[in-house]
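Notes follow once the structure below has been shown.
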Amino acid sequence: MDLDITGARILISIPEFGGFMLTETVVVTWGVMLVLILAVRFMTKNLEVHPTKKRQIIAEYLVGAVQNLVGSNMGEKYTQTWYLPFIGAMFALSAGCSLSSLVGCYAPTSDLSTVLSWALLVFVLITYTKIRTNGILGYLKSYTDPIFIMTPFNIIGEIATPISMAFRHFGNIASGSVITALIYGGLSALSGLVLGLLPGALGDTLSHIPIFAAGIPAVLSLYFDFFSSVLQAFIFCMLTMMYIAGAADPGE
């Protein structure tokens, strides 16, 4: 099995086309986006002024939840801008990519290139907001605050923002997968060792069945694959909102 530098499986590799590679990360990400598009299309089909269908009620509840989240963290003025659907889409995509591991797929958020690309997009938005708020000269001058000698440290701090966001998200999702796999492997080996002590054919048969591994990895998966997935998506969106709001209103 071929792997790329991030550990994702390479499904198709065509060196003749500039080293083109189609990885499992790309396929699963596009699959998650397709599911989200179809879900949104289903919930918003034939909308009613006074909703009576459960799908529209759920859709309006989700929109309201995102609106409250953006309003409470960025300010009410941002609920009337494109930041509202952006934050909602980012949360849904992040959670969906992480939760894809529940159906046996490779979680794209376990691939550093995925979350790093999201963090770089957020970094561009932060920089754009700072320049729009303070002007290009004001933005450049901010690197010299409070004194000129702090410029190198301010630059490092600016660069550290997308890196810390990416590695925080990637580390939590990837570590959960690793921990679950290690525990499953350890319990399987322990099961084979203990049950192999049974005499005769019974021991030979049961030693190949990971009985000790039944249940515990599933409980851990419920935490790492579900709770942690939603939590990390929430944290990533919270950081995005705080950074952008701070860039727009540095005095607050």
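The values are calculated or read from the model by the stated rules, or taken from the named source; none is laboratory data. All values reported here derive from a predicted model rather than from experimental measurement. Reconstructed Cβ throughout: ideal geometry from the backbone, glycine too, with neighbour counts over all protein chains shown. Calculation scope for accessible area: heavy atoms of the full protein, side chains included, ligands and nucleic acids excluded. Shrake-Rupley method; radii C 1.70, N 1.55, O 1.52, S 1.80 Å.
Taking LEU222 as the residue in question, decide whether it is at pLDDT below 70, of a type outside the set (Phe, Trp, Tyr) and open to solvent by 80 Å² or more (accessible area, probe 1.4 Å). Answer is yes for this residue. Scanning the stretch 90-123 for residues that are without any contact (Cβ under 8 Å) to a residue 24 or more places away in the chain and either within 22 Å of ALA160 (Cβ to Cβ) or among the aliphatic types (A, V, I, L, M) (or both) yields VAL103, SER117, LEU121. Residues in the stretch 229-243 that are surrounded by fewer than 22 Cβ atoms within 10 Å (Cβ to Cβ) and β-branched (Val, Ile, Thr) were compared, and the one that is modelled with the highest pLDDT is ILE235. Do we find a residue being in a helix (DSSP H, G or I), closer than 17 Å to LEU36 by Cβ and open to solvent by 30 Å² or more (accessible area, probe 1.4 Å) anywhere in the stretch 108-118? Checked against the condition, which is being in a helix (DSSP H, G or I), closer than 17 Å to LEU36 by Cβ and open to solvent by 30 Å² or more (accessible area, probe 1.4 Å), the stretch 108-118 yields at least one hit. Counting only residues that are of a type in the set (S, T, N, Q), modelled with pLDDT of 85 or more and open to solvent by less than 40 Å² (accessible area, probe 1.4 Å), the stretch 155-183 holds 1 of them.
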